[in-house]
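A quick write-up on the structure given underneath.
The values are calculated or read from the model by the stated rules, or taken from the named source; none is laboratory data. Quick caveat, the model's predicted, so the values are computed rather than measured. Cβ placement follows ideal geometry from the backbone for every residue including glycine, while neighbour counts extend to all protein chains displayed. With ligands, DNA and RNA removed, areas are computed over all heavy atoms of the protein, side chains included. Shrake-Rupley method; radii C 1.70, N 1.55, O 1.52, S 1.80 Å.
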Amino acid sequence: MIKQILFCLLLTVFLFTVFSVEAQQPKKVPLIGYLSPVDAASESTRFESIRLALRERGYIEGQNIATEYRYAEGKSDRVPELATELVRLKVDVIVAAGGVTTIRPAMNATKTIPIVMVGGGADPVREGLVESLARPGGNVTGTTRLGGELGGKRLELLKEAVPKLVRVAVLYDPAAPASALEVKEVVPAAARALGLTLRYWEIRAADGFDKVFAAIGKQRPDGLYVPTGPRMFANAKRIVGFALKSRLPSMYGNKEAVDAGGLMSYGSDTADNSRLAATYIDKILKGANPGDLPVQQPTKFELVINLKTAKQIGVTISQRVLGRADKVIK
(Lines give C-alpha, C1' and ligand atoms only; values in the text may rest on other atoms or scores of the structure.)
Protein backbone atom coordinates (compact mmCIF):
# COMPACT_ATOMS: atom_id res chain seq x y z
CA MET A 1 0.00 0.00 0.00
CA ILE A 2 2.85 2.36 0.93
CA LYS A 3 4.65 1.46 -2.30
CA GLN A 4 1.55 2.33 -4.31
CA ILE A 5 1.22 5.70 -2.55
CA LEU A 6 4.91 6.48 -3.16
CA PHE A 7 4.56 5.47 -6.81
CA CYS A 8 1.55 7.78 -7.26
CA LEU A 9 3.40 10.64 -5.57
CA LEU A 10 6.48 10.15 -7.76
CA LEU A 11 4.31 9.93 -10.88
CA THR A 12 2.50 13.13 -9.92
CA VAL A 13 5.79 14.97 -9.34
CA PHE A 14 7.16 13.67 -12.67
CA LEU A 15 4.09 14.73 -14.67
CA PHE A 16 4.00 18.13 -12.95
CA THR A 17 7.68 18.69 -13.81
CA VAL A 18 7.17 17.67 -17.47
CA PHE A 19 4.15 19.90 -17.98
CA SER A 20 5.86 22.81 -16.20
CA VAL A 21 8.88 22.58 -18.49
CA GLU A 22 6.69 22.38 -21.57
CA ALA A 23 4.63 25.36 -20.41
CA GLN A 24 7.80 27.40 -19.86
CA GLN A 25 9.20 26.66 -23.34
CA PRO A 26 8.30 29.51 -25.70
CA LYS A 27 6.33 28.65 -28.80
CA LYS A 28 8.20 28.94 -32.08
CA VAL A 29 7.39 32.27 -33.73
CA PRO A 30 6.68 31.83 -37.46
CA LEU A 31 9.33 33.51 -39.62
CA ILE A 32 8.45 35.13 -42.95
CA GLY A 33 11.11 35.80 -45.54
CA TYR A 34 10.36 38.83 -47.72
CA LEU A 35 12.28 38.84 -51.01
CA SER A 36 12.15 41.91 -53.24
CA PRO A 37 14.00 42.96 -56.40
CA VAL A 38 13.83 46.66 -55.44
CA ASP A 39 14.62 48.74 -52.34
CA ALA A 40 12.77 49.13 -49.04
CA ALA A 41 11.28 52.52 -49.94
CA SER A 42 9.83 51.25 -53.24
CA GLU A 43 8.46 48.16 -51.51
CA SER A 44 6.91 49.95 -48.53
CA THR A 45 3.35 50.24 -49.87
CA ARG A 46 3.18 46.56 -50.77
CA PHE A 47 4.56 45.14 -47.55
CA GLU A 48 2.73 47.60 -45.32
CA SER A 49 -0.54 46.34 -46.85
CA ILE A 50 0.52 42.75 -46.13
CA ARG A 51 1.54 43.64 -42.56
CA LEU A 52 -1.80 45.33 -41.82
CA ALA A 53 -3.77 42.45 -43.36
CA LEU A 54 -1.82 39.96 -41.23
CA ARG A 55 -2.47 42.07 -38.15
CA GLU A 56 -6.20 41.85 -38.86
CA ARG A 57 -5.76 38.08 -38.74
CA GLY A 58 -4.02 38.22 -35.36
CA TYR A 59 -0.37 38.23 -36.48
CA ILE A 60 1.58 41.00 -34.74
CA GLU A 61 5.17 41.68 -35.79
CA GLY A 62 7.59 41.07 -32.94
CA GLN A 63 5.05 39.15 -30.87
CA ASN A 64 3.73 36.09 -32.69
CA ILE A 65 5.35 36.58 -36.10
CA ALA A 66 8.71 37.84 -37.39
CA THR A 67 10.00 38.92 -40.80
CA GLU A 68 13.40 38.83 -42.47
CA TYR A 69 13.68 41.32 -45.36
CA ARG A 70 15.99 40.96 -48.33
CA TYR A 71 16.13 43.72 -50.99
CA ALA A 72 18.10 43.41 -54.24
CA GLU A 73 17.83 47.19 -54.76
CA GLY A 74 17.38 46.87 -58.50
CA LYS A 75 20.29 44.45 -58.96
CA SER A 76 18.64 41.30 -60.32
CA ASP A 77 21.86 39.28 -60.11
CA ARG A 78 21.67 39.55 -56.29
CA VAL A 79 18.25 37.89 -56.01
CA PRO A 80 19.48 34.23 -56.08
CA GLU A 81 21.96 34.93 -53.27
CA LEU A 82 19.29 36.66 -51.16
CA ALA A 83 16.84 33.79 -51.74
CA THR A 84 19.48 31.32 -50.55
CA GLU A 85 20.03 33.41 -47.41
CA LEU A 86 16.34 33.16 -46.53
CA VAL A 87 16.38 29.40 -47.05
CA ARG A 88 19.40 29.09 -44.71
CA LEU A 89 17.44 31.02 -42.07
CA LYS A 90 14.76 28.30 -42.33
CA VAL A 91 11.90 30.73 -42.84
CA ASP A 92 8.40 29.26 -42.79
CA VAL A 93 7.19 31.17 -45.88
CA ILE A 94 8.93 33.18 -48.59
CA VAL A 95 7.00 36.15 -49.98
CA ALA A 96 8.41 36.70 -53.47
CA ALA A 97 7.53 40.22 -54.61
CA GLY A 98 7.86 41.66 -58.09
CA GLY A 99 7.40 38.79 -60.51
CA VAL A 100 9.33 36.08 -62.31
CA THR A 101 12.78 37.58 -61.68
CA THR A 102 12.17 37.05 -57.95
CA ILE A 103 9.97 33.95 -57.92
CA ARG A 104 12.22 31.76 -60.09
CA PRO A 105 15.35 32.29 -57.95
CA ALA A 106 13.27 31.49 -54.87
CA MET A 107 12.04 28.30 -56.56
CA ASN A 108 15.63 27.37 -57.41
CA ALA A 109 16.65 27.90 -53.80
CA THR A 110 13.97 25.64 -52.27
CA LYS A 111 11.51 22.97 -53.31
CA THR A 112 9.95 22.63 -49.86
CA ILE A 113 9.48 26.07 -48.25
CA PRO A 114 6.14 27.57 -49.40
CA ILE A 115 6.52 30.57 -51.74
CA VAL A 116 3.79 33.21 -51.97
CA MET A 117 4.12 35.35 -55.11
CA VAL A 118 2.80 38.91 -55.05
CA GLY A 119 2.93 41.81 -57.48
CA GLY A 120 4.06 39.91 -60.55
CA GLY A 121 2.56 40.86 -63.92
CA ALA A 122 3.48 37.76 -65.93
CA ASP A 123 1.24 34.72 -66.50
CA PRO A 124 2.53 32.21 -63.90
CA VAL A 125 1.36 29.22 -65.97
CA ARG A 126 2.99 30.46 -69.16
CA GLU A 127 6.22 31.13 -67.26
CA GLY A 128 6.21 27.64 -65.71
CA LEU A 129 5.87 28.85 -62.12
CA VAL A 130 2.71 26.81 -61.45
CA GLU A 131 0.97 23.92 -63.17
CA SER A 132 -2.37 25.73 -63.35
CA LEU A 133 -4.13 28.62 -61.64
CA ALA A 134 -6.66 26.30 -60.02
CA ARG A 135 -4.11 23.69 -58.87
CA PRO A 136 -0.65 25.26 -58.69
CA GLY A 137 1.12 22.09 -57.51
CA GLY A 138 4.61 22.33 -56.04
CA ASN A 139 5.44 24.90 -53.39
CA VAL A 140 4.34 28.12 -55.18
CA THR A 141 1.02 29.98 -55.08
CA GLY A 142 -0.17 33.56 -54.58
CA THR A 143 -1.47 36.40 -56.72
CA THR A 144 -0.84 37.74 -60.20
CA ARG A 145 -1.45 41.32 -61.40
CA LEU A 146 -2.15 40.77 -65.12
CA GLY A 147 0.38 43.49 -65.88
CA GLY A 148 1.20 42.96 -69.55
CA GLU A 149 -2.30 42.04 -70.66
CA LEU A 150 -3.52 45.54 -69.77
CA GLY A 151 -1.15 47.26 -72.20
CA GLY A 152 -3.78 47.94 -74.83
CA LYS A 153 -6.11 49.54 -72.30
CA ARG A 154 -3.29 51.76 -71.02
CA LEU A 155 -2.46 53.04 -74.51
CA GLU A 156 -6.15 53.65 -75.16
CA LEU A 157 -6.50 55.71 -71.98
CA LEU A 158 -3.37 57.73 -72.75
CA LYS A 159 -4.64 58.52 -76.24
CA GLU A 160 -8.04 59.47 -74.86
CA ALA A 161 -6.46 61.81 -72.33
CA VAL A 162 -4.10 63.33 -74.92
CA PRO A 163 -5.97 63.24 -78.29
CA LYS A 164 -3.03 64.82 -80.18
CA LEU A 165 -0.80 61.90 -79.23
CA VAL A 166 0.87 60.26 -82.26
CA ARG A 167 4.45 59.25 -81.48
CA VAL A 168 5.05 57.37 -78.23
CA ALA A 169 8.37 56.30 -76.69
CA VAL A 170 8.13 52.92 -74.95
CA LEU A 171 10.66 52.45 -72.16
CA TYR A 172 11.02 48.84 -71.00
CA ASP A 173 13.27 46.17 -69.53
CA PRO A 174 13.55 43.16 -71.91
CA ALA A 175 14.63 40.94 -68.99
CA ALA A 176 11.21 41.33 -67.32
CA PRO A 177 8.89 38.66 -68.83
CA ALA A 178 5.69 40.66 -68.33
CA SER A 179 7.22 43.71 -70.01
CA ALA A 180 8.60 41.67 -72.89
CA LEU A 181 5.18 40.12 -73.51
CA GLU A 182 3.49 43.53 -73.31
CA VAL A 183 5.90 45.08 -75.82
CA LYS A 184 6.00 42.19 -78.28
CA GLU A 185 2.42 40.95 -78.31
CA VAL A 186 0.00 43.41 -76.68
CA VAL A 187 1.04 47.00 -77.30
CA PRO A 188 1.78 46.85 -81.08
CA ALA A 189 -1.74 45.73 -82.02
CA ALA A 190 -3.30 48.39 -79.80
CA ALA A 191 -1.04 51.07 -81.27
CA ARG A 192 -2.09 50.19 -84.83
CA ALA A 193 -5.75 50.39 -83.90
CA LEU A 194 -5.21 53.81 -82.28
CA GLY A 195 -3.06 55.18 -85.08
CA LEU A 196 0.01 55.52 -82.85
CA THR A 197 3.65 55.14 -83.85
CA LEU A 198 5.80 53.47 -81.20
CA ARG A 199 9.55 53.63 -80.70
CA TYR A 200 11.00 51.09 -78.28
CA TRP A 201 13.85 51.87 -75.89
CA GLU A 202 15.45 49.06 -73.90
CA ILE A 203 16.86 49.50 -70.41
CA ARG A 204 19.15 46.58 -69.52
CA ALA A 205 20.88 48.09 -66.47
CA ALA A 206 20.33 50.86 -63.94
CA ASP A 207 23.16 52.90 -65.46
CA GLY A 208 21.50 52.90 -68.88
CA PHE A 209 18.77 55.43 -68.17
CA ASP A 210 20.65 58.66 -68.83
CA LYS A 211 21.86 57.53 -72.25
CA VAL A 212 18.36 56.44 -73.26
CA PHE A 213 16.80 59.63 -71.90
CA ALA A 214 19.17 61.70 -74.03
CA ALA A 215 18.29 59.66 -77.13
CA ILE A 216 14.54 59.94 -76.49
CA GLY A 217 14.91 63.69 -76.03
CA LYS A 218 16.42 64.02 -79.51
CA GLN A 219 13.48 62.12 -81.02
CA ARG A 220 10.96 64.48 -79.38
CA PRO A 221 8.02 62.02 -78.99
CA ASP A 222 4.51 63.09 -77.96
CA GLY A 223 4.29 60.76 -74.98
CA LEU A 224 6.02 58.15 -72.83
CA TYR A 225 4.73 54.64 -72.09
CA VAL A 226 6.34 52.60 -69.31
CA PRO A 227 5.35 48.91 -68.91
CA THR A 228 5.53 47.23 -65.52
CA GLY A 229 8.75 45.59 -64.35
CA PRO A 230 11.07 45.54 -61.32
CA ARG A 231 13.68 47.83 -62.88
CA MET A 232 11.05 50.36 -63.97
CA PHE A 233 9.45 50.17 -60.53
CA ALA A 234 12.76 50.75 -58.74
CA ASN A 235 13.62 53.72 -60.96
CA ALA A 236 10.18 55.31 -61.12
CA LYS A 237 11.34 58.67 -59.72
CA ARG A 238 14.10 58.96 -62.34
CA ILE A 239 11.66 58.17 -65.14
CA VAL A 240 9.05 60.56 -63.81
CA GLY A 241 11.68 63.27 -63.47
CA PHE A 242 12.66 62.84 -67.11
CA ALA A 243 9.01 62.91 -68.25
CA LEU A 244 8.34 66.13 -66.30
CA LYS A 245 11.50 67.83 -67.56
CA SER A 246 10.64 66.85 -71.14
CA ARG A 247 6.95 67.77 -70.68
CA LEU A 248 5.92 64.29 -71.81
CA PRO A 249 2.47 62.86 -70.94
CA SER A 250 3.33 59.49 -69.37
CA MET A 251 1.46 56.25 -68.67
CA TYR A 252 2.52 53.61 -66.12
CA GLY A 253 1.35 50.25 -64.84
CA ASN A 254 1.48 51.21 -61.16
CA LYS A 255 0.05 54.16 -59.26
CA GLU A 256 3.23 54.70 -57.25
CA ALA A 257 4.74 56.32 -60.35
CA VAL A 258 1.79 58.72 -60.54
CA ASP A 259 2.15 59.52 -56.84
CA ALA A 260 5.75 60.45 -57.70
CA GLY A 261 4.64 62.82 -60.48
CA GLY A 262 3.74 60.65 -63.48
CA LEU A 263 0.63 61.66 -65.41
CA MET A 264 -1.44 58.46 -65.48
CA SER A 265 -1.49 54.81 -64.45
CA TYR A 266 -3.84 51.91 -64.97
CA GLY A 267 -3.50 48.55 -63.28
CA SER A 268 -4.61 46.31 -60.48
CA ASP A 269 -4.80 47.82 -57.02
CA THR A 270 -1.41 47.23 -55.34
CA ALA A 271 -2.81 47.34 -51.81
CA ASP A 272 -5.67 44.97 -52.66
CA ASN A 273 -3.29 42.56 -54.37
CA SER A 274 -1.02 42.62 -51.31
CA ARG A 275 -3.88 42.04 -48.88
CA LEU A 276 -4.74 38.91 -50.82
CA ALA A 277 -1.17 37.69 -50.31
CA ALA A 278 -1.70 37.87 -46.55
CA THR A 279 -4.53 35.33 -46.79
CA TYR A 280 -2.10 32.84 -48.33
CA ILE A 281 0.46 33.39 -45.57
CA ASP A 282 -2.26 32.83 -42.96
CA LYS A 283 -3.51 29.61 -44.55
CA ILE A 284 0.00 28.21 -45.05
CA LEU A 285 1.02 28.94 -41.45
CA LYS A 286 -2.11 27.05 -40.38
CA GLY A 287 -1.00 24.01 -42.36
CA ALA A 288 -2.39 24.44 -45.88
CA ASN A 289 -0.42 23.03 -48.81
CA PRO A 290 0.52 25.85 -51.22
CA GLY A 291 0.07 23.51 -54.17
CA ASP A 292 -3.63 23.20 -53.29
CA LEU A 293 -4.31 26.95 -52.98
CA PRO A 294 -5.54 28.46 -56.29
CA VAL A 295 -3.66 31.44 -57.70
CA GLN A 296 -5.86 34.54 -57.58
CA GLN A 297 -6.10 37.07 -60.38
CA PRO A 298 -7.01 40.69 -59.63
CA THR A 299 -10.62 41.81 -59.69
CA LYS A 300 -10.04 45.46 -58.81
CA PHE A 301 -8.37 47.84 -61.29
CA GLU A 302 -7.82 51.56 -60.94
CA LEU A 303 -7.13 54.54 -63.16
CA VAL A 304 -5.08 57.23 -61.41
CA ILE A 305 -4.50 60.71 -62.87
CA ASN A 306 -2.21 63.43 -61.57
CA LEU A 307 -3.77 66.82 -62.37
CA LYS A 308 -0.82 68.70 -60.86
CA THR A 309 1.42 67.02 -63.42
CA ALA A 310 -1.05 67.71 -66.23
CA LYS A 311 -0.92 71.42 -65.40
CA GLN A 312 2.87 71.36 -65.13
CA ILE A 313 3.37 69.84 -68.59
CA GLY A 314 0.56 71.83 -70.23
CA VAL A 315 -1.98 69.04 -70.78
CA THR A 316 -5.72 69.53 -70.32
CA ILE A 317 -7.56 66.32 -69.50
CA SER A 318 -11.25 66.25 -70.36
CA GLN A 319 -13.93 65.83 -67.71
CA ARG A 320 -15.01 62.63 -69.47
CA VAL A 321 -11.63 61.02 -68.79
CA LEU A 322 -11.42 62.47 -65.27
CA GLY A 323 -14.85 61.05 -64.54
CA ARG A 324 -13.55 57.55 -65.18
CA ALA A 325 -10.61 57.95 -62.77
CA ASP A 326 -10.62 56.08 -59.46
CA LYS A 327 -8.19 58.60 -57.98
CA VAL A 328 -7.31 62.14 -59.04
CA ILE A 329 -4.27 63.87 -57.53
CA LYS A 330 -4.88 67.62 -57.36
- Query: Gaussian network model of the chain, Cα springs within a sub-10 Å range: biggest mean-square fluctuation belongs to which of Ala178, Ala278, Ala193?
  - Reply: Ala193
- Message: Once you keep just the Cα pairs under 8 angstrom separated by 6 or more residues, what percentage relative contact order results for the chain?
- Response: 18 percent
- Message: With a cut-off of 8 Å between alpha carbons and a minimum separation of six or more residues, what is the relative contact order of the stretch 161-230 in percent?
- Response: 53 percent
- So how strong a dipole does the stretch 233-292 carry about its Cα centre when Lys and Arg Cβ are +1 and Asp and Glu Cβ are -1, to the nearest 20 debye? 320 debye
- What is the total of Lys pairs in the stretch 206-308 with C-alpha atoms under 17 Å apart, excluding same-chain pairs fewer than 8 positions apart? 9
- Carbon and sulfur atoms account, in whole percent of the 1.4 Å probe accessible area of the chain, for 55 percent
- Message: Nearest 10 degrees is fine. How inclined is helix 151-161 to the longest principal axis of the chain, computing both from alpha carbons?
- Response: 50 degrees
- Message: Pairwise over distinct Cα atoms, reciprocal of the mean inverse distance: report the Kirkwood radius of the stretch 245-323 in Å, one decimal place.
- Response: 14.9 Å
- Quick one: helix 100-109 against the long Cα principal axis of the chain, what's the angle to the nearest 10°, folded into 0 to 90? 30 degrees
- Query: Using helices alone, what [θ] at 222 nm do you get for the chain, with -39,500 (n - 2.57) per DSSP H run of 4 or more residues, divided over all residues and rounded to the nearest 500?
  - Reply: -12500 deg cm²/dmol
- Query: From the residues Tyr280, Gln312, Gln297, which one has its Cα farthest along the dipole of the stretch 271-330 in the positive direction, the dipole being from +1 and -1 charges on Cβ of Lys/Arg and Asp/Glu about the Cα centre?
  - Reply: Gln312
- the stretch 294-330 versus the stretch 35-108: alpha-carbon centroid distance in Å: 29 Å
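Considering only DSSP beta bridges with both partners in the chain, what is the antiparallel share in %, to the nearest 5?
10 percent
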- Dipole of the stretch 96-198, Cα-centred, from +1 at each Lys and Arg C-beta and -1 at each Asp and Glu C-beta, to the nearest 20 debye? 160 debye
- Count neighbours as other Cβ atoms within 10 Å of each site's Cβ, and list the trypsin sites (Lys or Arg not before Pro) in the stretch 283-314 that are DSSP loop with at most 15 such neighbours. Lys286, Lys300
- Query: If contacts are Cα pairs under 8 angstrom and at least 6 residues apart, what is the relative contact order of the stretch 97-222 in percent?
  - Reply: 22 percent
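Just the ratio, please: alpha-carbon radius of gyration of the chain over 2.2 N^0.38 Å, N its number of residues.
So the chain has a normalised radius of gyration of 1.23.
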- Task: With unit charges on the beta carbon (Lys/Arg positive, Asp/Glu negative), name the residue among Ala178, Ile216, Ala206 whose Cα is farthest towards the positive pole of the charge dipole of the stretch 169-292.
- Result: Ile216
- Item | Amide H partners (placed H, <5 Å) of Val170, local residues excluded | Arg199, Tyr200, Trp201, Tyr225
- In whole Hz, the Karplus estimates of ³J(HN,Hα) for the stretch 203-215 (6.51, -1.76, 1.60; θ = phi - 60°; x where Gly or Pro) are 10, 9, 7, 4, 8, x, 5, 4, 5, 5, 4, 4, 5
- Item | Descending principal axes extents, the stretch 148-211, alpha-carbon based, whole Å | 33, 24, 16
- Query: Placing +1 at every Lys and Arg Cβ and -1 at every Asp and Glu Cβ, with all other atoms neutral, what dipole size does the stretch 141-250 have around its Cα centre, in debye to the nearest 20?
  - Reply: 400 debye
- Can you pull the one-decimal nm distance between simple spin-label points at Ala205 and Asn64, each 7 Å off the Cα toward Cβ? 4.9 nm
- Would you mind working out the accessible area per residue for the stretch 110-240, using a 1.4 Å probe, and quoting it in Å²? 42 Å²
- Task: With no solvent and one equal point scatterer per Cα, compute the Debye intensity ratio I(q)/I(0) for the stretch 182-243 at 0.25 Å⁻¹ and report its log10, rounded to two decimals.
- Result: -1.24
